[in-house]
1. With a Förster radius of 25 Å, plug the Cβ-Cβ distance of N166 and E243 into 1/(1 + (r/R0)^6) and report the FRET value to the nearest 0.05.
2. For percent of Cα pairs over 37 Å apart, which listed value, (1) 54; (2) 51; (3) 67, comes from the coordinates shown?
3. Within the stretch 628-716, how many Lys pairs sit with Cα atoms under 20 Å apart, leaving out pairs fewer than 8 places apart on the same chain?
4. Kindly flag which residue pairs out of K153/K198; K9/K626; K464/K543; K16/K537; K113/K428; K602/K718 have an alpha-carbon separation exceeding 30 Å in this structure.
5. Quote the FRET efficiency, to the nearest 0.05, computed for I555 versus Y95 with a Förster distance R0 of 41 Å and r equal to the Cβ-Cβ distance.
6. Principal axis lengths of the stretch 123-293 from Cα atoms, whole Å, largest first?
7. Any idea what the dipole of the chain comes to, in debye rounded to 20, about its Cα centre with Lys/Arg Cβ at +1 and Asp/Glu Cβ at -1?
8. Between R529 and K88, what's the calculated FRET efficiency when r is the beta-carbon distance and R0 is 41 Å? Round to 0.05.
Amino acid sequence: MGEFINTEKYSVPAEKLRWICPENMLQFACTEDIQPLRDFIGQDRAIDAIKFGLSLERAGYNLFLTGLTGTGKATTVKEMLKRFLIEKKEKGTKYHSYDWCYVYNFSDPDQPKILKLLQGGGKDFQNHMERLLKRLKEEIPKTFGSEQHNKRKQDIMEEHQRLYQNAMDELENIAKTKNLMVQLSPSGAIVIPLVDGKPLSREDFLSLQKDEKDAIEAKRLEMMRKVEETYTRLREIEKEISEKMRELDQKAGEFAIANPFEEIIAKYREYPEILHFLEEVKKYTLSRLDLFQQVSPDFQPSSFPIGHGDPFIAYKVNVFVDNSSTVGPPIIFEPNPNWFNMFGRIERKAIMGTYMSDHTMIKSGAVHLANGGYLLLNIRDVLMNAGVWEGLKRVIKTKEIRVEDPWEQMGFITPQGMRTQPMPVEFKIIVMGDDSIYQLLTMYDEDFWEMFKVKADFDSQMEKTAYNIKAYACFISSCCKDEKLLPFDRCGVAKIIEHAVRTAGDQEKLSARFGPIKDLIIESDHWARVSQSQIIKGEHVEKAIREKIHRLDLIAEHIRKMILEGTIMVDVDGEVVGQVNGLSVYDFGIFSFGRPNRITAKTFLGKRGVINIERESQLSGRIHDKGVLILSGYLGWKYAQDKPLSLSASICFEQSYSGVEGDSASSTELYAILSSLSGLPIKQYIAVTGSVNQKGEVQPIGGVNHKIEGFFDVCKEKGLTGKQGVMIPHFNIRHLMLREDVIQAINKRAFHIYAVKSIDEGIEILTGVHAGERLADDTYPEGTVNYFVDKRLKEYAERLKGYTVSE
């Protein structure tokens, strides 16, 4: 049994460690020589779905855009909307936008009326009503203050005085003939007897004979009846005079308001609802002429006593939705979709200790503003605001919206307010979010699929074709022009594209997450300016990448220090039985890094199979547990064809306390078990990653670059020996985009990358011993790894025969 086996056949060639952008693909000196990007790249499926959704104007065909952050969902759909509307316009499609106004409801002030006008008509109507009010404030006082009107009033008053005086004179004459006098007092009229033309005193009256008293009292009572008749006549005169005064004022008012109302009515003859409203305003004006006789044209409502409100509120127009400046259908993106921003609100003001509101305090929301157009939302933001999702679905179903207080719907007691007339709405909703949210809504919201029938999936990757590489260069040029950045030279563009390949995690793909790529472009510009360069070069891009990693890798640095100090126990030299260096990735969203983990296995007599210590201690996830269970399947298939699998094996991620998930270490765990069974030591200077299936095939995993670089950094800090390296699945070769320093070490043979397709290939590299193929008699060649494993398992099976007590 030799200690070394030729591993060169498993080494990954240097040219496959990283894809390098060929210069002949970039036929320019700098990005100023190429046109900025004008087309969408890498999202053909999503673009086709968006085109379909926009062109199909049917109920329920709203769009749901899914994809990772940075894939350009919002940017793409906004640009596509603009182009879509331009195309419709070029084809002759006409679009009519509308304004919506709330006005006073004379029948029920708590239910303001809503009026629909053509684009720009809202402000015009508001201005016309303001002009009408101003004219009324001018014309009514002018008419009522005119000499002609005052003369007519004077004539009526004089007639009133004449009739009054005549009635009183007649009453006085009758009283004189009866030796009586009528005296007026605050409590009414008093009839007093006269003797020789003088009032009879009470004492004199009491001194008279009874028959004289009775005669005087009879005359007084008769006179009192006459007084009542006269007073009744005076009241009739007063009423007649008041009616004449009212008719005079009414005619004067009608004359004063005729021209102002004729002017505004003439402008809205094609709007029946507005004409009806103006007729109500006209009636209201004639019924409240007194308001205008008290004020001057520059009267302000604040001059009225607090608590009375605005007496001219009925003339105010609330332009609820103003599309006067909107070109084409409105495109509304609401970044903060809370209830009020989405569905509007009714404001209140405190007056005399109570809250009051009127139709001018009704404010529109995004749903109102998007009417007739498009509403863009982030689904996560919508779902995080209470009641908004249900409210939005209700609007989609009913195609109308009423401005309401959300607290009322939740059962809270609120100050009594208004109930607005509903506004009819029709628009297309475009929501953006994660695919996970889409799946949850599809499963748990029965209304969702009926309302969002078009899904547009934004991929995080795209094919690395020559066209897409050139398009990437155009994208970089666009960023430079839009953000006013320095131009990139050819090398700088190449480095950005190479980083896009690394971000995609595949040598045949480019990242379609343009958000992070744009960040790198901007940061590269910064470092170019710091170095006082007039152009962004490859070195500036590399500097930006290094600096970003440095800003984010504090935890990774602490872990490396703990490994160097021995706090975290990882060997990068020597050989140990039943112990392998596995590799894991820590993902913090915008930053990921790899690190080695010691994985150990112990095997012993028993029937429990493979015991996952992480699972027993509830520190492993379901995928990791599945990977461990696969190991039992492999061991049974490989070694238990001629005997029962009598084995207990424990595997453990040493010094792991935060949980383990994923199956990328399943091959590593299997190597540790095989080493423990065979007694052959594992090379600690070769770290391992890769999952395994029951047939012993090593399957590809994610994060291969981070894992390799994580182990390389530890080896570099501890000291490269020339033997260290990482063993990866063969199918991960296409995913390699290693750092330059790692490639340099590999080229100097200070570090190695091995790629294997099977467990047998991997165990040969790790032990330096041939794995051994199964012979015709179901045995393995002596001296091979499989021979030692099979031999140990046979020993376990034989020993278990003597036991009668099961474990």
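Laboratory data are not the source of any read-out in this text; all were calculated from the coordinates shown. The structure displayed is predicted, hence computed values, not measured ones. Positions of Cβ are backbone-derived with ideal geometry, glycine not excepted, and every protein chain shown enters the neighbour counts.
1. On the way: r = 19 Å, r/R0 = 0.77.
E between N166 and E243, to the nearest 0.05, is 0.80.
2. Of the listed options (1) 54; (2) 51; (3) 67, (3) comes from this structure.
3. Details: K638/K695; K643/K695; K683/K707; K683/K716; K707/K716.
Qualifying lysine pairs in the stretch 628-716: 5.
4. On the way: K153/K198 40 Å; K9/K626 32 Å; K464/K543 25 Å; K16/K537 25 Å; K113/K428 26 Å; K602/K718 28 Å.
Over 30 Å Cα-Cα: K153/K198; K9/K626.
5. Numbers: r = 54 Å, r/R0 = 1.32.
Here the calculated transfer efficiency is 0.15.
6. Extents along the principal axes, in whole Å: 87, 31, 20.
7. On the way: 108 positive and 117 negative charges, 204 e Å.
That gives a dipole near 980 debye.
8. On the way: r = 44 Å, r/R0 = 1.06.
My answer for the efficiency is 0.40.
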